[in-house]
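This report refers to the structure that appears directly beneath it.
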Amino acid sequence: MRSREAGRLKGDALDSFYAAFSESCAPGWDGYDAASASYDCYLRAKRFIEALPANFPAPEVALDPDGEVSLDSRGRVLMNLLHG
């Protein structure tokens with residue numbers, strides 16, 4: 001994968017993550033009793049994604065109803081950030 005393409009993919013992952021995080025800031029964001037995601041978790045996950053090598057595939061980001069943020073790549077959990 002070319003560095004420019006990897007950077008774009010990483011940028012796309014960050015954009016998607018920001019959009020998902022923005023939606024999950026309010027309690028009950030999932031239509032039930034979901035905890036809001038913490039800004040601290042957002043910042044730590046963002047820094048982690050930005051620090052990945054250019055040739056590393058952009059991770060998938062999941063925001064869980066308990067406020068946890070998970071980063072996965074190729075079916076492997078890279079990082080779990082607990083709601084703080």
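So how many residues does the stretch 18-37 have that are among the small types (Gly, Ala, Ser), surrounded by 12 or more Cβ atoms within 10 Å (Cβ to Cβ) and under 12 Å from the mean Cα position of the chain (by Cα)?
4
Residue by residue, here is whether (1) assigned to a strand (DSSP E or B); (2) charged (D, E, K, R); (3) touching a residue at least 40 places away in the same chain (Cβ under 8 Å) holds:
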residue: Ala37; (1), (2), (3): no, no, yes
residue: Asp40; (1), (2), (3): no, yes, yes
residue: Leu43; (1), (2), (3): no, no, no
residue: Lys46; (1), (2), (3): no, yes, no
residue: Ile49; (1), (2), (3): no, no, no
residue: Phe56; (1), (2), (3): no, no, yes
residue: Val61; (1), (2), (3): yes, no, yes
residue: Pro65; (1), (2), (3): no, no, no
residue: Ser70; (1), (2), (3): yes, no, no
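Go through the stretch 39-55 and give me each residue that's more than 12 Å from the chain's Cα centre (by Cα) and buried (at least 16 other Cβ atoms within 10 Å of the Cβ).
Correct list: Leu52 only.
Quick note: the coordinates plus some simple rules give every number you see, no bench work behind them. Quantities reported herein were computed from a predicted structural model and do not represent experimental measurements. Neighbour counts run over all protein chains shown; Cβ positions are idealised from the backbone, glycine included.
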